[in-house]
Amino acid sequence: WETRPPHTFALAYDAVKPFLQTDAALETTAGRPAAEIEQRILDRVLMEAAVCITTGNGRIRGNYGMHQQPLLTLAQVLRDVDGPVSSDQMVEFVLANPDPKVTTDMGLRDALENIVYRDGLPHESLGYNRIWVSQIADLADDLTEWGHDFFRHPRFRNLLSWPFDVTVCGKFTPPTGDTGDMFSSGSLLDPRICQLALAHFDDPRMAWVLAHE
């Protein structure tokens with residue numbers, strides 16, 4: 001369940017890091033040197049989160065993409081920090097985890113080939129599959145910073161666009177699994193995802209969503 005806090009904590013640390021390393025922060029209000037406070041944050045919060053995600057102990061794990069996304073945030077923030085898990089190892093875990101304990105720990109390359117169907121639908125119900133769309137879109141966007149372009153992958157493009165294929169009358173979706181009842185409805189695709197995807201490839205359906213949001 002602790003998939004969101006590491007992302008939030010990493011961004012918060014990155015925001016205050018310049019202050020912690022200034023002369024004005026040599027002593028904190030708690031009477032501890034700022035360098036000691038910073039090291040505690042690194043060792044006991046950020047690096048601890050990275051270890052809990054990458055070691056497969058299950059202490060930080062969610063639906064697919066929920067723990068990989070904060071791991072990429074940690075990788076960015078901890079680029080120049082020595083620790084038990086390097087930034088390169090964090091990125092490699094997201095790309096090609098060599099020892100996944102469960103399917104949600106599978107590397108993105110393998111996941112696209114093994115637990116995402118050719119039409120782009122993952123293997124869960126439509127409601128949970130929408131989580132895949134939002135989480136993996138963010139993953140792919142972050143991975144471009146590391147030189148990996150998944151937006152060229154045909155199955156990944158289908159993963160982003162399948163909601164258009166299952167929507168009836170521009171509003172209703174089949175109530176399969178735990179997606180909802182016969183009146184289940186939702187947007188074709190989150191406008192934020194459409195905007196993100198259109199930066200990498202053209203899809204008039206996504207442009208339509210942005211024009212009508």
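The values are calculated or read from the model by the stated rules, or taken from the named source; none is laboratory data. Just so we're clear, the structure is a prediction, and the values are computed from it rather than from any experiment. Here the Cβ is made from the backbone with ideal geometry for all residues, glycine too, and neighbour counts use every protein chain on show. Surface accessibility is based on the protein's heavy atoms, side chains included, excluding ligands, DNA and RNA. Shrake-Rupley method; radii C 1.70, N 1.55, O 1.52, S 1.80 Å.
The set of residues in segment 145-169 that are open to solvent by less than 50 Å² (accessible area, probe 1.4 Å) and out of contact with any helix residue (DSSP H, G or I) (no Cβ under 8 Å at 6 or more places or on another chain) contains only Thr167. Criterion applied to Gly58, Gly62 was being within 26 Å of Arg192 (Cβ to Cβ), touching a residue at least 40 places away in the same chain (Cβ under 8 Å) and open to solvent by 10 Å² or more (accessible area, probe 1.4 Å), and the one residue passing it is Gly62. For beta carbons closer than 6 Å, sequence separation of 6+ or different chains, a first residue in segment 152-180 that is under 17 Å from Arg192 (Cα atoms) and a second that is assigned to a helix (DSSP H, G or I) and open to solvent by 60 Å² or more (accessible area, probe 1.4 Å), the qualifying pairs are Phe164/Arg205. Within segment 90-109, count every residue that is open to solvent by 50 Å² or more (accessible area, probe 1.4 Å), farther than 17 Å from Gly62 by Cβ and either among the β-branched types (Val, Ile, Thr) or touching a helix residue (DSSP H, G or I) at 6+ places or on another chain (Cβ under 7 Å) (or both). So the answer is 1.
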